[in-house]
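Structure record follows, encoded as structure tokens.
What follows is calculated from the coordinates using simple rules that are stated; it is not laboratory data. Everything quoted here is computed from the prediction, not taken from an experiment.
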Amino acid sequence: MKRILTVILSFMLVLPLMAQASIDRLITEIESKGVDGTFIVKRSPVNKKIVSKTRCYDFISKNGIYAQKFIQAFKESSDNAVNYVESKNNCVETFVSGSTVTTYILSIENKESRNPRVSLVITSKETNYRSEIFVPDSGWSLQLTPEQEEKLEEDLSNLEDQLAEVVKKK
């Protein structure tokens, strides 16, 4: 029984990786054809561990071939994404594997043209990644968990609404 549960859990962890594999194969393919990517690595200032990696690609898809291939790969992997958003020219997918959250953002400009522009951004972050806010004049920095950052944004939004009401009353 333990063996069956282990196999099932292993498969559930690998499934998102398999879904991402078709997108990653296309990335390898476009890199081999000369498409250059920009790589951004963010490290913890405390222990220098990598907390976030971002890869960006921007290219013209001749005859729309790679634009269509990426659209197809995003649609095929959407069932395994924890978050999937699609609009006329954009697709966003989020996958979770272990403690890593990876988000793929595909944007196609002039989709109906012969040679559309494709932008692809892939960001991987550790789930326990803390945002860091720097206060330039003081040299201080504040690290926030994702929950704290969300709460702060909500509080700031409420404060903006309250200030707007005060201004309106004057």
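Tabulated values for the structure
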{"item": "Derived scalar couplings ³J(HN,Hα) [region 110-120; Karplus, 6.51 cos²θ - 1.76 cosθ + 1.60; whole Hz; x for Gly, Pro]", "result": "6, 3, 7, 6, 5, 10, x, 8, 10, 10, 9"}
{"item": "Cut-off under 5 Å, modelled amide H: who pairs with residue 51 long-range", "result": "42, 43, 44"}
{"item": "Scaled radius of gyration (Cα, divided by 2.2 N^0.38 Å) that region 19-98 gives", "result": "1.26"}
{"item": "Radius of gyration and maximum dimension Dmax of region 15-64, Cα, Å", "result": "14.4, 48"}
{"item": "When each of 125/151; 88/168; 75/125; 48/125; 48/69 is checked by Cα-Cα distance, pairs over 26 Å", "result": "88/168; 48/69"}
